[in-house]
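Peer 1: One structure, as structure tokens, below. Some questions next.
Any read-out appearing in this document is the output of simple, stated calculations on the displayed coordinates, not a laboratory observation. Quantities reported herein were computed from a predicted structural model and do not represent experimental measurements. Here the Cβ positions follow ideal geometry from the backbone for every residue, glycine too, while neighbour counts run over all protein chains shown.
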Amino acid sequence: MKVVIAGGGAVGTFIAGELRPAGHEVSIIEVEPSRVENAKLTNEPPDVEWFVGDACEVENLARLGLAESEVVAAVTGDDEDNLVISLLAKQEFAVPRVVARVNNPKNEWLFNENWGVDVAVSTPHLLTALVEEAVSVNTLVRLLSFEGGRASLIEVTLASESPAADREIVELGLPRDSTVVAVVRKDRVVVPRGDTRLQPGDEVLVMVTGESIDDVRQILTGA
């Protein structure tokens, strides 16, 4: 898979360092020449192609071969830049998947399909969700949003009084546009099947749409 990362700071280099050993072709475009020069000298992360340039300019993205890329990650430290990069990637180069970093949580509402963003990652909101997930029982917690909020990954830790407790997944009557993707039980991950019986204390992760989330909440929490 060909991946282009806009932003060669700590976040961008970390992502590249994780993707390259998995066999992906990774390029980073960074506006600061000294950062690119240092990365090339140290070969860190290894085997990543670096380019100097402003990723908000179409000609620089064309030079990178963005039209052949399968994923673009806009992870600069500036939300305005990340939005412009996402929009160019989607509208000018028809990149199939665009992931964008949200630096200021107040700007998250902008990171949607209108700006070419398929997945927006807001670290403060994600941390809040993870903290809430750690302390909440029988409460639906939204972990991640996709496709401009049309789909979400949610988590519910089942209470003993949950209507889903001690029942098989197939018996729950979940909406067609929702699916249980994992069950975490006593520090191990259970790959869910129709006959998987949910237990009190299970952390149930479900992919839902905006239309199905309320039904899923009712089924899992009774609220």
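Peer 1: So what's region 24-171 giving for Rg/Rh, alpha carbon basis, Kirkwood Rh from the mean inverse pair distance?
Peer 2: Using only Cα positions, Rg/Rh for region 24-171 is 1.10.
Peer 1: A further question follows. From Cα pairs below 8 angstrom and at least 6 apart in sequence, can you work out the relative contact order of region 21-145, rounded to a whole percent?
Peer 2: That works out to 16 percent.
Peer 1: Moving to a separate point now. Give the distance, in whole Å, between the Cα centre of region 87-113 and the Cα centre of region 139-188.
Peer 2: 27
Peer 1: Can you give the FRET efficiency to the nearest 0.05 for Glu18 and Asp195, using r as the Cβ-Cβ distance and R₀ = 30 Å?
Peer 2: After rounding, the FRET efficiency stands at 0.30.
Peer 1: How high is the relative contact order of the chain, given as a whole-number percent (alpha carbon pairs under 8 Å, six or more residues apart)?
Peer 2: 13 percent.
Peer 1: In addition: Using θ = phi - 60° and the Karplus curve 6.51 cos²θ - 1.76 cosθ + 1.60, what whole-Hz ³J(HN,Hα) does each residue of region 38-53 get, with Gly and Pro shown as x?
Peer 2: 5, 5, 5, 5, 8, 6, 10, x, x, 6, 10, 8, 10, 9, 8, x
Peer 1: Additional query: Give me the extension gain from Trp109 to Ala223: residue separation times 0.36 nm, minus the current Cα-Cα distance, reported in nm with one decimal.
Peer 2: The Trp109-Ala223 span can extend by a further 38.4 nm.
Peer 1: Would you grab the residues whose amide H sits under 5 Å from the one on Ser122? Only those 5+ places off in sequence or on another chain, please, with H modelled 1.01 Å from N.
Peer 2: Amide H to amide H, under 5 Å and 5 or more residues apart or across chains, Ser122 pairs with Val102.
Peer 1: Now a separate question. How much length is gained on full extension from Arg185 to Glu59, taking 0.36 nm per residue of separation minus their Cα-Cα distance?
Peer 2: 40.3 nm
Peer 1: Next question. Pulled fully out, how much extra length does the chain show between Asp78 and Glu44, if you take 0.36 nm times their separation in residues and subtract their Cα-Cα distance?
Peer 2: 9.9 nm
Peer 1: Give the peptides 72-85, 107-120, 38-51 in descending order of average Cβ contacts within 10 Å, highest first.
Peer 2: 72-85, 107-120, 38-51
Peer 1: Where a Cα-Cα gap under 27 Å defines reach, which lysines qualify for Lys2, not counting those fewer than 8 residues away within the same chain?
Peer 2: Lys40, Lys90
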